Amino acid sequence: MNPLAWFRAVSAQLVDLQSRIHKIQEALGRVEGRQLGTLSGGSVFAHQYRVFSQWGEDGIIQGLIRSIEVPRKVFIEFGVQNYTESNTRFLLVNNNWAGLLIDGDAAHISYIKSDPIYWQHNLKVENCFVTTDNINDIFQRNGIYGEIGLLSVDIDGNDYWVWKSITVVDPAIVVVEYNARFGKERAVTVPYDPAFTRGAAHYSNIYYGASLKAFCLLAEDKGYALVGTNQAGNNAFFVRRDLLNDKVREVSAEEAYTQNQFRESRAESGELAFLSLEEEQRLLESLPLVDVATSAHVPGAQ
């Protein structure tokens, strides 16, 4: 067998193996979901389980959509990479939702288009680097506006500013990644930079996004309530206030805040630095931030 034929054969086997793994993941997720049912007492922690999500968001989302009225079963997720690990893939395959995926890397979008889910489901994809100026246009040119079921924001950078700028969709649920290193009391975010990328912004790889408190203040302005965070301490879940009920209730940032335990800080050489939380926070204090409660820039010193 020539090298090209061998490569194609191995690639086909890998695709088949990944498809089989996905089917097992889907089946296990359905079993887990049937056992947990709707949320109980407003707690999202107890409903965590992972099918395709990174930290257990699949279970939390399943609990939420069973506990509130979702008017339109459509999702939007951006910052999806190749979509093998995501917050919405289980919604797509388990609940038969439709969706729009956005990612700035053309190779990731090409991978998604080669995945069987692209033709098996009502899925749209867009290769675009998201900014505050283009986000609403991206939604509209894909025919998505008005009420939708869920919006997932995870771009490791301008997350606060991009959610703030979104006006054309009205999600029932919003999932955002917060940076727990900023603590539970400060309402801060990185300054807006349309070209922001996490790796280029600072070698440490921990200078990105916004605090949980910052997202809570923004959510209040947009008509949403925080209902919980995941146990890993990096994703927050908001529900539109008109959809809250005795099963899904508002919690404060202080109540819901969870300090993350994963250590992903980098040294200038690019290797993992394994900094302590205190060391990470001291490093972040030296970098520019915006206090969203006052719109004041916290200067820092790079």
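The criterion of at least 2 residues that are within 26 Å of Asn260 (Cβ to Cβ) and open to solvent by less than 10 Å² (accessible area, probe 1.4 Å) is met by the following helices (runs of 4 or more DSSP H) wholly inside region 39-137: 57-67, 89-95. Here Arg198 does not qualify as more than 19 Å from Asp103 (Cα to Cα) and of a type in the set (Lys, Arg).
In this entry, Glu254 passes the filter for residues that are assigned to a helix (DSSP H, G or I), touching a residue at least 12 places away in the same chain (Cβ under 8 Å) and surrounded by fewer than 17 Cβ atoms within 10 Å (Cβ to Cβ).
Of all positions in region 239-248, none carries a residue that is open to solvent by 90 Å² or more (accessible area, probe 1.4 Å), farther than 30 Å from Arg66 by Cβ and either assigned to a loop (DSSP other than H, G, I, E, B) or modelled with pLDDT under 95 (or both).
Of everything in region 77-101, what is among the hydrophobic types (A, V, I, L, M, F, W, C) and farther than 18 Å from Gln54 by Cβ? Give them in sequence order.
Once the filter is applied, which keeps residues that are among the hydrophobic types (A, V, I, L, M, F, W, C) and farther than 18 Å from Gln54 by Cβ, region 77-101 yields Trp97, Ala98, Leu100.
Residues that are part of a loop (DSSP other than H, G, I, E, B), touching a residue at least 60 places away in the same chain (Cβ under 8 Å) and crowded, with 22+ Cβ neighbours inside 10 Å were ranked within region 207-233; the one that is farthest from the chain's Cα centre (by Cα) is Tyr207.
Would you confirm whether any residue within region 165-173 is in contact (Cβ under 8 Å) with a residue 40 or more places away in the chain, crowded, with 21+ Cβ neighbours inside 10 Å and among the small types (Gly, Ala, Ser)? Lay out the reasoning, then the answer.
Of the residues in region 165-173, the ones in contact (Cβ under 8 Å) with a residue 40 or more places away in the chain are 169-173.
Checking which are crowded, with 21+ Cβ neighbours inside 10 Å leaves us with 171-173.
Okay, now just the ones that are also among the small types (Gly, Ala, Ser), so 172.
Yes - at least one qualifying residue is present in region 165-173.
The set of residues in region 63-74 that are closer than 14 Å to Tyr145 by Cβ and under 20 Å from the mean Cα position of the chain (by Cα) comprises Arg72, Val74.
Here is a list: Ala256, Ala214, Ala219, Ala236. Which entry is at pLDDT below 95 and out of contact with any Pro (no Cβ under 9 Å at 6 or more places or on another chain)? First the steps, then the outcome.
Numbers: Ala214 fails: at pLDDT below 95; Ala219 fails: at pLDDT below 95; Ala236 fails: at pLDDT below 95.
Exactly one of Ala256, Ala214, Ala219, Ala236 is at pLDDT below 95 and out of contact with any Pro (no Cβ under 9 Å at 6 or more places or on another chain), namely Ala256.
Consider Glu126 against the criteria (1) in contact with a Gly (Cβ under 7 Å, 6 or more places away or on another chain); (2) modelled with pLDDT of 95 or more; (3) among the charged types (D, E, K, R): it satisfies all of them except one. Which criterion is unmet? Against the list (1) in contact with a Gly (Cβ under 7 Å, 6 or more places away or on another chain); (2) modelled with pLDDT of 95 or more; (3) among the charged types (D, E, K, R), Glu126 comes up short only on (1). A search for C-beta distances below 7 Å between a residue of region 258-270 that is surrounded by 13 or more Cβ atoms within 10 Å (Cβ to Cβ) and any residue that is among the charged types (D, E, K, R) and not in a loop (DSSP other than H, G, I, E, B), counting only pairs 6+ apart in sequence or on different chains, returns Ser265/Glu280. On the given criteria, is Ala180 touching a Gly at 6+ places or on another chain (Cβ under 8 Å), crowded, with 21+ Cβ neighbours inside 10 Å and of a type outside the set (Asp, Glu)? Here the answer is yes, as Ala180 does meet what is asked.
Quick one: in region 35-77, which of the residues that are of a type in the set (A, V, I, L, M) and in contact with a Gly (Cβ under 6 Å, 6 or more places away or on another chain) is modelled with the lowest pLDDT?
Of all residues in region 35-77, those of a type in the set (A, V, I, L, M) come to 36, 39, 44, 46, 51, 60-61, 64-65, 68, 70, 74, 76.
With the extra rule that they be in contact with a Gly (Cβ under 6 Å, 6 or more places away or on another chain), the set shrinks to 39, 44, 51, 70, 74.
Working: Leu39: 64, Val44: 67, Val51: 93, Val70: 96, Val74: 98.
Applying the filter and picking the extreme gives Leu39.
Take Glu280 and decide whether it is open to solvent by less than 70 Å² (accessible area, probe 1.4 Å), of a type outside the set (Val, Ile, Thr) and in a helix (DSSP H, G or I). Reasoning before the result, please.
On the way: open to solvent by less than 70 Å² (accessible area, probe 1.4 Å): yes; of a type outside the set (Val, Ile, Thr): yes; in a helix (DSSP H, G or I): yes.
Yes; evaluated as a whole, the condition is true for this residue.
With respect to the stated conditions, Gly157 is in a loop (DSSP other than H, G, I, E, B) and within 25 Å of Arg89 (Cα to Cα).
The values are calculated or read from the model by the stated rules, or taken from the named source; none is laboratory data. No experiment lies behind these values; they were computed from the predicted model shown. Using ideal geometry, Cβ is built from the backbone for each residue, glycine included, and neighbour counts are taken over all protein chains shown. Just the protein is used for accessible areas: all its heavy atoms, side chains included, with ligands, DNA and RNA removed. Shrake-Rupley method; radii C 1.70, N 1.55, O 1.52, S 1.80 Å.
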